[in-house]
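Okay, structure first, notes after.
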């Protein structure tokens, strides 16, 4: 792909935008989920998928039987968007109210990772990304499972990041209004782990769960 | 739009899928954010946007100066995806591990809501959706602010929902493995509200914040 094919000019609120690779990595590394957009038979589709980062690539996986996964694997243009919603920004007017967020829009074409060692390493990276420490506890995948799973890699090359943080910014003429103004922080948090009903009595919860 | 133009057949894991309108509404009503996919100049774009529901329509808004908002307003096909990530589903193998989630994929074309009363009502609905009770505290929008804001409406007609909940489902041959298995619940929670630095001393936090 010509990396400049996607039009990534930052038109709206360019002061919030960036093209910093490390910032893009931080946004991916903090995410479990991304939203992948493709265009298929005249219709846009946006699909939530697990994601992980491996060096300079964003990794996705899915069933080889999935139509959208096959479309991605065929190398059509895609957009992978990762969004963290960090808070509601409550100004004295609706117009100046906003959200705090960190967002990455990554443009490119996915590559199907077919080489067995690279595919294994990538699938392992996905497991470890979602729950660091987990991989060592899992049995290795069977050949049948591997054959049913497509690993896709999108280079972190053509992208924009957009970040808003901090308090509302009311115009001076609104600051004297009686409405409360400020930020309600939002975050995704993990609750207590729930044992599977078929878990053998006495199976200990691993340390990586307690730290999570 | 021909409501059957989008191919919404549930191919993958159809047992998780549905077309129930009330389910779609519940997914939207619990969301602050959606991801909107469009196809523009040969490239898919996926944009995070605030959303709300008004009866049988999903509402979006944005700057009239935004290229993607104008593209939506022009009535091109779009896909609005709303995803709630509810947990990590940790099976004894990577292959059977999964996520608990609720997802809506809504297909259609946005309509620009231009009629002043309908636009005001829709923008109010967005404010109230994001923080119920907030609207009464805000000054009304100015004409200039209204003119700068596009309200878009997408009918909740052509969609699929997909939901996974509950524990991992390992095959019998894996249940005896020593790995811990179960679910780590995930949820988005609000932290304590943070006063804006320019908030007048003594401004009380409204009750709707305490309940949030």
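Values computed for the structure shown
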item	result
Tally of residues being facing another protein chain (nearest Cβ under 7 Å), over 19 Å from residue B:84 (Cβ atoms) and either modelled with pLDDT under 95 or buried (at least 20 other Cβ atoms within 10 Å of the Cβ) (or both) across the range A:38-53	5
Of all residues in the range A:5-37 being at pLDDT 95 or above and part of a strand (DSSP E or B), the one that is surrounded by the fewest Cβ atoms within 10 Å (Cβ to Cβ)	A:33
The range B:175-208, residues that are in contact with a strand residue (DSSP E or B) (Cβ under 8 Å, 6 or more places away or on another chain) and more than 7 Å from every other protein chain (Cβ to nearest Cβ)	B:192
Residue in the range B:83-100 that is farthest from the other protein chains (Cβ to nearest Cβ), counting only those that are buried (at least 20 other Cβ atoms within 10 Å of the Cβ) and over 16 Å from residue B:186 (Cα atoms)	B:91
Residue satisfying all of: in the range B:66-82; in a loop (DSSP other than H, G, I, E, B) and more than 7 Å from chain A (Cβ to nearest Cβ); nearest to residue A:204 (Cα to Cα) among these	B:76
Enumeration of residues in the range A:176-186 that are under 24 Å from residue B:212 (Cα atoms) and surrounded by fewer than 18 Cβ atoms within 10 Å (Cβ to Cβ)	A:177, A:178, A:185
Any hit, the range B:156-174, residues being in contact with a helix residue (DSSP H, G or I) (Cβ under 8 Å, 6 or more places away or on another chain) and without any contact (Cβ under 8 Å) to a residue 24 or more places away in the chain	no
The range B:103-127, residues that are in contact with a helix residue (DSSP H, G or I) (Cβ under 6 Å, 6 or more places away or on another chain) and at the interface with another protein chain (Cβ under 10 Å from one of its Cβ atoms)	B:124, B:127
All positions within the range A:48-65 that are under 10 Å from the mean Cα position of the chain (by Cα) and in a loop (DSSP other than H, G, I, E, B)	A:51
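The values are calculated or read from the model by the stated rules, or taken from the named source; none is laboratory data. Not measured: the values here are computed from a predicted model. Here the Cβ is made from the backbone with ideal geometry for all residues, glycine too, and neighbour counts use every protein chain on show.
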